[in-house]
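Participant: Have a look at this one.
The values are calculated or read from the model by the stated rules, or taken from the named source; none is laboratory data. Remember, it's a predicted structure, so these values are computed and weren't measured experimentally. Backbone-built Cβ (ideal geometry, glycine too); neighbour counts: all protein chains shown. Side chains are part of the model used for accessible areas, which takes the heavy atoms of the whole protein and leaves out ligands, DNA and RNA. Shrake-Rupley method; radii C 1.70, N 1.55, O 1.52, S 1.80 Å.
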Amino acid sequence: MADIKKKLKKLQGDWEESEAAEGGRKRFKDGDFTVKLKSMEIGESKASGRVQLVTTFEVVEPEKYEGEEIRMYNGIDDKGMPYLKLLCNQFGIEIPDDLADLPVVVEEFAEDFDGTVEIALVTKDGYQNTYVNEVEGVEGDDDDDDDDDDKKKKKSKDKKKDKKKPEDDDDDEDDDDDDDDDDDDDKKKKKKKGDDDDDDDDDLPKLKKKDKDKKKKKK
């Protein structure tokens with residue numbers, strides 16, 4: 001014990017000059033980050049011993065944190081499995097039927113993936129949680145497909161409208177035909193009325209002749 005004390009006294013100067021090392025998980029300011037996927041590894045937590053997926057990101061933006069690492073932990077247990085499956089879906093990782101093959105699948109995926117990821121850091125109940133908002137080349141492609149589908153639907157509707165236009169023209173022609181029929185009916189009515197008027201005129205001379213004959217008889 002005496003020897004240890006002597007040695008410690010000799011180290012007194014170095015002790016006073018040295019600074020404490022940074023330890024524990026580094027905290028970042030809450031907000032949105034653009035990152036690159038650096039690695040995905042499945043192992044055991046040193047604290048709890050639970051099996052978990054550790055995803056390591058490298059910050060691209062904000063610039064003040066560029067190059068820093070952010071780690072995301074997903075426990076492979078009853079509570080954590082739904083979120084792990086969500087993460088795999090967001091990245092487009094095909095989950096193997098045999099869970100024992102998952103470590104190799106995620107490691108190979110991380111090695112091949114070279115896109116960027118949009119994440120958000122949110123502190124809740126004293127813990128800073130990491131959420132994946134968007135993965136380049138996965139969600140973006142889906143949006144493009146949706147846009148293409150919308151364009152196709154719009155074109156199809158426009159074509160249907162164009163096809164209906166000639167039918168509308170036919171309807172107009174039918175209306176014209178109806179108008180023509182109405183005109184013909186009016187003409188026929190006028191003609192018939194005219195004929196009736198002519199017949200009345202023909203009767204006038206006969207009436208006048210009868211009147212003359214009556215006058216002669218009176219004389």
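Participant: Just give me the residues in the range 51-95 being closer than 20 Å to GLU136 by Cβ, in a strand (DSSP E or B), open to solvent by 30 Å² or more (accessible area, probe 1.4 Å) and of a type in the set (A, V, I, L, M), in sequence order.
Facilitator: Answer for the range 51-95, where residues must be closer than 20 Å to GLU136 by Cβ, in a strand (DSSP E or B), open to solvent by 30 Å² or more (accessible area, probe 1.4 Å) and of a type in the set (A, V, I, L, M): just VAL60.
Participant: Which pairs turn up if I take residues in the range 73-100 that are at positive phi and look for partners that are at pLDDT 90 or above and basic (Lys, Arg) with beta carbon separation below 9 Å, at least 6 apart in sequence or on another chain?
Facilitator: Listed by first residue and then by second, the contacts come to nothing, as the list is empty.
Participant: If you go through the range 28-50 one residue at a time, do you hit one that is touching a helix residue (DSSP H, G or I) at 6+ places or on another chain (Cβ under 8 Å), among the hydroxyl-bearing types (Ser, Thr, Tyr) and either modelled with pLDDT of 95 or more or crowded, with 16+ Cβ neighbours inside 10 Å (or both)?
Facilitator: Pass one, the range 28-50, residues touching a helix residue (DSSP H, G or I) at 6+ places or on another chain (Cβ under 8 Å): 28, 33, 37-42.
Pick out the ones that are also among the hydroxyl-bearing types (Ser, Thr, Tyr) and you get 39.
Next, from what is left, pick out any that are either modelled with pLDDT of 95 or more or crowded, with 16+ Cβ neighbours inside 10 Å (or both): 39.
Yes, the range 28-50 has at least one match.
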